[in-house]
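Participant: Below you'll find the structure I mean.
The values are calculated or read from the model by the stated rules, or taken from the named source; none is laboratory data. Everything numeric in this text was worked out from a predicted model, so none of it was measured. All Cβ positions, even for glycine, are placed from backbone atoms using ideal geometry, and neighbour counts span all protein chains on display. All accessible areas refer to the heavy atoms of the entire protein, side chains included, with ligands and DNA or RNA removed. Shrake-Rupley method; radii C 1.70, N 1.55, O 1.52, S 1.80 Å.
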Amino acid sequence: NPATKLKAETNEVMTGNLGGAPEMQTFKVKGQDVPVLMFSIAKNLPKDAPKEALPEWQRCQVWGKNIEKTKANELVKGDWIKLTGHYGKEHKTEAGKAFRDLIVTDCEMKKKSLSKGKEEEVTKGMKV
């Protein structure tokens, strides 16, 4: 359905919690190895969402030099993050469901403080 297609250059902003440890992969792009950090976040639900509502999961990718610039390589499971980016090309699951990964260009996070047992706000990352 063309009405549901998203333009790749449209900026999206979303917040949520990191669902697991990010995974680093390497892809060949024009003969060069390019690192790609991949992770998923549980997107925050609207305040008026019913108690039994489950979060929506969003797959995310941070490519090449953006990994260091956004500090996304410092993310750990449970961190609250605010991401800015654009949707990549459409993929389909084996069941035929369409999805798009968020290509991250900016990342702000609240790290969990291991020593204090509470969240401590740490703003990291920058626009690229």
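Participant: I need the full set of residues from segment 47-84 which are over 12 Å from the mean Cα position of the chain (by Cα), under 21 Å from ARG100 (Cα atoms), of a type outside the set (A, V, I, L, M) and open to solvent by 30 Å² or more (accessible area, probe 1.4 Å), in order please.
Facilitator: Once the filter is applied, which keeps residues that are over 12 Å from the mean Cα position of the chain (by Cα), under 21 Å from ARG100 (Cα atoms), of a type outside the set (A, V, I, L, M) and open to solvent by 30 Å² or more (accessible area, probe 1.4 Å), segment 47-84 yields PRO55, GLU56, ASN66.
Participant: Can you tell me which residue in segment 25-37 is nearest to ALA72 (Cα to Cα), limited to those that are touching a strand residue (DSSP E or B) at 6+ places or on another chain (Cβ under 7 Å) and free of Cβ contacts under 8 Å to residues at least 24 places away in the same chain?
Facilitator: GLN25
Participant: While we're here: What are the residues in segment 26-36 that are closer than 18 Å to LYS89 by Cβ and open to solvent by less than 70 Å² (accessible area, probe 1.4 Å), if any?
Facilitator: Those that are closer than 18 Å to LYS89 by Cβ and open to solvent by less than 70 Å² (accessible area, probe 1.4 Å): VAL29, VAL34, VAL36.
Participant: Moving on to the next point. Cβ-Cβ below 8 Å, separation at least six or inter-chain, first residue in segment 75-100 and without any contact (Cβ under 8 Å) to a residue 40 or more places away in the chain, second among the acidic types (Asp, Glu): which pairs?
Facilitator: HIS91/ASP101; ALA98/GLU90
Participant: Still on this model: Among ASN17, ASN44, which is surrounded by 15 or more Cβ atoms within 10 Å (Cβ to Cβ), on the phi < 0 side of the Ramachandran plot, modelled with pLDDT under 90 and not aliphatic (A, V, I, L, M)?
Facilitator: Sole residue among the options that is surrounded by 15 or more Cβ atoms within 10 Å (Cβ to Cβ), on the phi < 0 side of the Ramachandran plot, modelled with pLDDT under 90 and not aliphatic (A, V, I, L, M): ASN44.
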